[in-house]
1. With θ set to phi - 60°, apply the Karplus curve 6.51 cos²θ - 1.76 cosθ + 1.60 along region 227-237 and write out the HN-Hα couplings as whole Hz, x wherever there is a Gly or Pro.
2. Within the set of other residues whose C-beta is less than 11 Å from the C-beta of A55, count the net charge using Lys and Arg as +1 and Asp and Glu as -1.
3. What does the extension gain come out to for E206 and L249, with contour length at 0.36 nm per residue minus their alpha carbon separation?
4. Output the Cα-based Rg and Dmax of region 91-161 in Å, rounding Rg to one decimal and Dmax to a whole number.
5. Among the listed pairs K114/K176; K114/K325; K71/K209; K209/K325, give every one whose C-alpha distance is greater than 26 Å.
6. Give a residue-ordered list of calculated ³J(HN,Hα) values for region 125-138 (Karplus: 6.51 cos²θ - 1.76 cosθ + 1.60, θ = phi - 60°; whole Hz; x for Gly, Pro).
Amino acid sequence: MKPLYRNLFLAIGVVAIVIMLCTSDISYPELWANVRRAGYWFPAVIFLWVFLYLANALAWSLIINDGERPKVPFWRIYKYTISGYALNYVTPVGLLGGEPYRIMELTPYVGASKATSSVILYAMIHIFSHFCFWSFSILLYLLLYGTGLSVGMALFLAICAAFCATGIYFFFKGYKNGLAMKVLRVLAHIPGLKSRLHRFMETREESIKRVDAQIAALHSQRKSTFYLSLFTEFSVRLAGCLEIQFILLILTDHVSFWDCVLIQAFTSLSSNLFFFVPMGMGAREGGFALAVGGLSLAGAYGVYTGLIVRLRELIWIAIGLLLIKLGNRPVVPSEKK
């Protein structure tokens with residue numbers, strides 16, 4: 001990637017962080033007091049994400065390499081994973097930041113078509129794993145608390161189940177037939193984008209069809225790679241619930257890991273419904289408060305958990321933005337496809 005583009009991505013991230021810090025109503029003395037209260041659990045929360053991002057990078061590398069000899073050094077995939085998520089956190093509509101960055105960084109190694117298809121495929125599997133995680137959490141809630149289910153909660157779970165089933169159905173349709181052209185056709189109906197996207201689809205039709213063919217081929221011809229990558233991403237969702245447990249252990253020892261899974265599921269669903277807000281400002285904290293309230297815990301637990309998670313995100317965003325500028329030696333000819 002050209003240094004100009006890297007600087008542009010870095011500038012977008014820095015400006016977004018500055019805006020969020022300036023518009024936040026967080027009291028910094030109170031924030032520091034809460035971090036001190038967390039003690040050694042706060043470094044544990046930060047360090048946990050070293051391994052979670054490592055697993056994310058592994059899931060992506062499975063798609064990039066697809067059983068062949070690695071074309072991209074794993075440490076670079078790890079770096080692009082962390083930086084990509086940092087950009088997703090700070091840009092509205094999430095994927096509009098990190099995914100273009102990943103495609104541009106990967107292109108010198110594997111070519112534009114393969115880079116685009118692997119990034120789209122990984123993004124699809126990442127989102128698909130959320131639907132699997134939410135579906136699992138619905139079954140888990142019924143197993144743990146189904147005997148005392150109220151009418152309101154039963155209706156809520158039914159709506160969530162229908163939402164998850166619909167999402168899973170459309171993802172399998174996308175894996176079977178490809179998704180790039182369909183997404184572009186939908187976006188072409190947005191005012192202001194219609195003429196530009198039509199020109200783009202006309203000039204790049206063959207490239208788009210090639211990307212769709214690569215997306216469909218992974219699911220139809222290389223199922224082991226597809227399901228191993230999906231299982232890895234789903235495992236990351238479960239392991240990420242340890243973060244909630246680490247934080248709640250500061251406050252109480254009466255919350256099980258499976259309760260933390262339910263809290264994480266409800267909170268992630270809430271924040272994803274407000275995907276257009278950078279970092280899900282407000283939605284994440286509200287989701288935590290409602291989730292712990294639904295499990296008969298004090299609402300203050302949810303607010304505190306949301307605060308610590310938000311601080312962890314800011315730290316890893318800073319790390320990701322810094323990595324955009326580090327370790328960017330040019331790709332030598334032997335490394336190119």
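What follows draws every value from the coordinates through simple rules; no lab data is involved. Since the model is a prediction, treat every value here as computed from it, not as a measurement. Quick reminder, even Gly has a Cβ in these numbers, built from the backbone with ideal geometry, and neighbours come from all protein chains shown.
1. Those phi angles translate into 6, 5, 5, 5, 4, 5, 5, 5, 5, 5, 4 Hz.
2. 0
3. Details: separation 43, 0.36 × 43 = 15.48 nm, distance 5.42 nm.
Length gained between E206 and L249: 10.1 nm.
4. Values for region 91-161 (Cα only, Rg and Dmax): 18.7, 57 Å.
5. Working: K114/K176 18 Å; K114/K325 24 Å; K71/K209 23 Å; K209/K325 33 Å.
Checking Cα-Cα distances, K209/K325 exceed 26 Å.
6. 5, 4, 5, 4, 5, 5, 5, 5, 5, 5, 5, 4, 5, 4
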